[in-house]
Every structure is written in C-alpha cells, then in structure tokens.
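Trainee: Please see the structure below; I have some questions.
The values are calculated or read from the model by the stated rules, or taken from the named source; none is laboratory data. All of these numbers come straight from a predicted model, not from anything done at the bench. FYI the Cβ positions are ideal-geometry reconstructions off the backbone, even for glycines, and counts take in every protein chain you see. What goes into the accessible areas is simple: the full protein's heavy atoms, side chains included, and nothing from ligands, DNA or RNA. Shrake-Rupley method; radii C 1.70, N 1.55, O 1.52, S 1.80 Å.
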Amino acid sequence: MDFGPARNSTLHTVDRWRKDGIYPLFPVITEAATTRARIRQQRSMHPGDAHTGDHPVSVFGSADYLGLARHPEVVEGAVEAARRFGTGTYAIQAVGGYTELHEALEEATAAWFGLPSALLFPTGMQANLGVLDSLAGPRDLVFTDRFNHQSIAMGVRLSGAGAHVFGHNDPEHLEKLLQQTLREGHTGRRLIMVDGLFSADGDIAPLVQIADLAERYNALLVVDEAHSAGALGPHGRGAAELLGVLDRVDVLTGTFSKAFASTGGFACAGPDIVHLFRHTANTYLLSLGLPPASVGAALAALTVLAREGTERRRRLDDNAQALRAGLREAGIGTAGSAAHVVVVPVGTMDRTARVARRLAERGLLVGPLLHPVVPAGGGRLRLGVCAEHTTDDLTHAVHLISAVLADEGGQR
Ligand SMILES: Cc1ncc(COP(=O)(O)O)c(C=O)c1O
C-alpha cells in the first residue's frame with residue numbers, strides 16, 4: 001500500500017534493517033527487574049537467522065529513575081486500589097469515573113510540587129495536549145524549544161495557535177521572536193512551553209532566563225517536567241525547583257510514568273487555570289480517567305518518596321555523574337547531558353540502529369533515538385540512569401558501549 005512519501009521511506013528503512021539483521025526496536029521483554037531484564041532475541045528477515053531464545057540484558061533504557069517500580073508498597077498500592085475500585089474507571093471523570101483515590105492523587109500531586117491545584121490526565125502526552133488545547137487558540141502564540149517533546153509540537157498544531165520555534169536552549173532567539181511578535185502588534189495570549197529536562201538531549205532548560213522573558217513579555221510559562229519530576233531539585237519537584245524558579249512557572253506538566261513508577265499525566269497550576277483545564281481540556285474530558293491501580297501506585301510512590309526521596313535522588317545523581325565520567329574517560333562524548341538522561345551521539349540512523357542492536361546482543365539495552373525524534377544525522381543512544389544501578393552496571397555499560405563503538409570505527 002502507498003502510505004505517502006515520508007511513511008513509505010520510514011517503512012523502507014525498517015524493512016532494510018530487518019533484512020540486515022540490525023532492527024533494534026520493540027525488544028520483547030520476557031522477565032524484568034528495574035535494571036535487568038531478559039529479552040527475546042528478535043528474528044531478522046535473514047534466511048537462516050535462527051531464533052536464539054531469551055538472553056539477559058542490563059537495562060539502561062528505563063525511566064524508573066528512582067527504582068520504585070517493584071517497591072512492595074508501590075505494588076501493594078496498585079493491588080489494593082484495583083481490589084477496591086476494579087480494573088478501570090468505566091466512565092469519563094465528569095460522570096462517574098472520578099474516585100476518591102483520583103481526588104487524593106490530585107491533592108497529593110499539588111502538595112508534592114507545592115503548587116495550589118493539580119489535575120490528572122490519562123498520560124503525560126495527553127496532559128500536554130490538553131493544556132495547550134485549553135490555553136491556546138487561533139488568536140494566540142506559543143513559543144517552543146526546537147527539541148521539546150513531540151507532544152508539545154502536536155499540542156500547538158491542534159490548538160491552532162501561531163507556532164514560534166526557537167533554537168534549542170537559546171533564550172536570545174526566544175527574545176527575538178517575542179520582540180518580533182510585539183512589533184507586529186499581536187494582541188492575543190503568549191505562552192512559552194519547554195521541557196525541564198530534555199528527553200532526547202539530556203540537558204536542562206535555562207529556566208531562569210526563560211522565566212525572565214516570560215515576565216518581561218507578559219507570557220505564560222509552561223514547563224514539562226516529565227523526566228525531572230521526582231528526580232531533580234532538593235524536594236524532587238523538578239528542573240524549575242533545581243533552578244529556583246518554581247514560583248515563576250504558571251503551569252507544570254508531567255507524568256507518573258517515570259520517577260513516580262506508575263502511569264498517567266498531570267498538570268499543576270493555580271486554581272483558576274486548573275478549573276479551566278477540568279472543564280475545557282478535551283484530553284481530560286473525553287478520555288477515561290486513570291485506572292485505579294495506576295492511581296494507587298502513584299499515591300504509594302509519592303508516600304515512599306516523601307520518606308526516601310532524598311537518598312534515592314542522591315544515588316541517582318551519583319550514578320549519573322559516574323556514568324558520564326566513565327564515558328568521558330573512555331573517550332565517548334555525551335553532548336550536553338547534565339543529569340540522569342545521558343545521550344551518546346552516534347550519527348546516521350543506520351549506524352545508531354546497528355550500535356543499539358549490537359549492544360542488546362551483547363547484554364545492554366539502551367534506547368536508540370532516531371530521526372524524526374532527533375534531527376537527521378543526529379542519531380544517538382539514550383541511557384536512562386537509575387538509582388538502583390550498581391557500580392558494576394555502570395562499568396559494564398561503559399565497557400560495552402566503548403567496545404561496540406570501537407568496532408564501528410569510533411564515535412561520530
Ligand atoms: C518530555 C516528555 N513529555 C511527555 C511525555 C509523555 O509522557 P507519557 O508517557 O505519560 O505519555 C514524555 C514521554 O516520554 C516525555 O519524554
């Protein structure tokens with residue numbers, strides 16, 4: 001079937017990878033712990049390429065940054081919630097899908113971030129789409145970092161607002177765009193939205209400068225803390241807390257699917273804004289709410305982290321620093337990685353796919369980031385560090401990456 005030029009070309013690449021035996025995506029996990037898993041060896045389309053069975057891998061592709069996914073209290077939180085309210089919500093939240101657990105998680109989430117109110121969305125992606133849907137329309141302008149998560153670009157398109165994309169972590173460019181729209185006499189709402197910790201680059205947004213610009217140009221500031229919530233900042237409130245600007249953020253979005261060891265999205269803001277989301281964000285109103293088990297797990301994770309978060313964040317930070325230092329000592333660049341998301345630039349899509357596949361075969365599971373998630377030619381490995389990784393895990397990862405990149409003729 002003809003799916004159009006862009007999709008045909010992607011499918012062509014995928015078929016070629018399968019034929020060449022380098023297809024690195026969708027490894028089938030057959031047994032998992034936080035930092036270790038067994039994966040089913042994928043078959044390529046090579047004639048005679050045998051199915052070699054399951055093999056163990058060390059996992060550096062997980063977002064269970066604080067190691068809570070198998071914590072007994074978190075698992076029990078999920079089980080107990082499912083026992084009490086069943087496996088789903090069976091109605092949209094406005095008319096019967098909103099339990100007292102959902103209400104408790106909204107309150108606990110707002111309290112976690114020290115912000116007035118919070119609203120839960122089915123996923124972090126839907127939180128971003130819903131926030132943009134509610135806050136921006138065709139008369140408005142949204143300013144976004146070029147390397148923001150795709151959900152933000154999608155949200156801007158869906159909102160119909162004017163899109164202004166500034167260079168990655170480039171507040172000067174942002175200011176030029178803001179000035180230009182003022183000169184053009186724009187009168188609608190202005191909104192600036194950035195990732196706190198960039199998921200494909202591992203660096204942190206310059207939120208102090210961006211908050212200054214938001215104030216100077218009367219724009220709302222929205223920060224997506226998907227990868228930083230729980231994991232960064234003295235209290236685990238994210239990149240804005242780390243940089244001391246949390247009180248200057250108008251809306252904070254995030255997900256329970258990473259450091260909070262569950263699933264589901266949230267948006268925190270002042271009561272008026274959350275009231276607006278509750279009654280106008282279609283991804284909240286028209287999609288069923290979080291399953292009770294996810295709510296119960298997230299509530300339990302917040303309780304565990306209130307007790308153990310500081311220590312877990314310290315271990316996460318130590319591990320992230322050790323991994324970056326180990327890679328550096330092995331002569332491997334990590335671009336702007338500044339926290340527990342560590343990226344290793346590799347180059348073309350084929351090379352990145354091949355390296356990720358070879359690493360999986362040799363016992364290391366990492367995420368290959370490929371075009372269009374990253375710019376063409378900017379393929380990279382994405383390593384998610386966890387508090388539960390041991391020194392041996394980190395050394396093993398550096399050793400394997402170094403060996404496979406050397407086989408490939410070094411880093412590009
Ligand atoms: C920066 C960012 N925002 C939002 C999301 C979406 O979160 P969820 O998985 O809950 O949809 C992700 C997912 O990885 C992300 O990286």
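Trainee: Can you say whether S257 is modelled with pLDDT of 95 or more, among the polar types (S, T, N, Q), closer than 30 Å to G378 by Cα and outside the structural domain of V385 (by TED's automatic domain parsing), as far as the supplied structure shows?
Mentor: Judged against the criteria, S257 is a match.
Trainee: Among the candidates A406, A335, which residue alone is open to solvent by 20 Å² or more (accessible area, probe 1.4 Å), of a type in the set (A, V, I, L, M) and more than 23 Å from the chain's Cα centre (by Cα)?
Mentor: Within the list A406, A335, the selection yields A406.
Trainee: Related question: Looking at the structure I just gave you, is D64 under 16 Å from S294 (Cα atoms), charged (D, E, K, R) and surrounded by 21 or more Cβ atoms within 10 Å (Cβ to Cβ)?
Mentor: So D64 fits the description; yes.
Trainee: Next question, about the same structure. Take L316 and decide whether it is in the same structural domain as L182 (by TED's automatic domain parsing) and more than 16 Å from the ligand (Cβ to nearest atom).
Mentor: no
Trainee: If a residue must be more than 21 Å from V404 (Cβ to Cβ) and among the β-branched types (V, I, T), how many such residues does the stretch 300-337 contain?
Mentor: 3
Trainee: Could you please let me know if G233 is away from the ligand (no atom under 13 Å from the Cβ) and assigned by TED's automatic domain parsing to the domain that holds G130?
Mentor: yes
Trainee: So S257 clears everything in (1) closer than 28 Å to G61 by Cα; (2) open to solvent by 10 Å² or more (accessible area, probe 1.4 Å); (3) away from the ligand (no atom under 11 Å from the Cβ) except one condition, right? Which one?
Mentor: It fails just one condition, (3).
Trainee: Under 7 Å by Cβ, and 6 or more places apart or on different chains, what pairs join a residue from the stretch 119-140 that is within 17 Å of G254 (Cβ to Cβ) and within 15 Å of the ligand (Cβ to nearest atom) with one that is among the charged types (D, E, K, R) and open to solvent by 20 Å² or more (accessible area, probe 1.4 Å)?
Mentor: Partner pairs satisfying both residue conditions: L119/R278.
Trainee: Looking at this structure, is V346 over 16 Å from A320 (Cβ atoms), part of a strand (DSSP E or B) and open to solvent by less than 10 Å² (accessible area, probe 1.4 Å)?
Mentor: Judged against the criteria, V346 is a match.
Trainee: Name the residues in the stretch 238-251 that are open to solvent by 20 Å² or more (accessible area, probe 1.4 Å) and part of a loop (DSSP other than H, G, I, E, B), would you?
Mentor: Selection gives L243, G244, D250.
Quick grid of which residues meet (1) part of a helix (DSSP H, G or I); (2) at pLDDT 95 or above; (3) aromatic (F, W, Y):
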{"position": "D201", "(1), (2), (3)": "no, no, no"}
{"position": "V208", "(1), (2), (3)": "yes, yes, no"}
{"position": "A226", "(1), (2), (3)": "no, yes, no"}
{"position": "L232", "(1), (2), (3)": "no, yes, no"}
{"position": "G236", "(1), (2), (3)": "no, yes, no"}
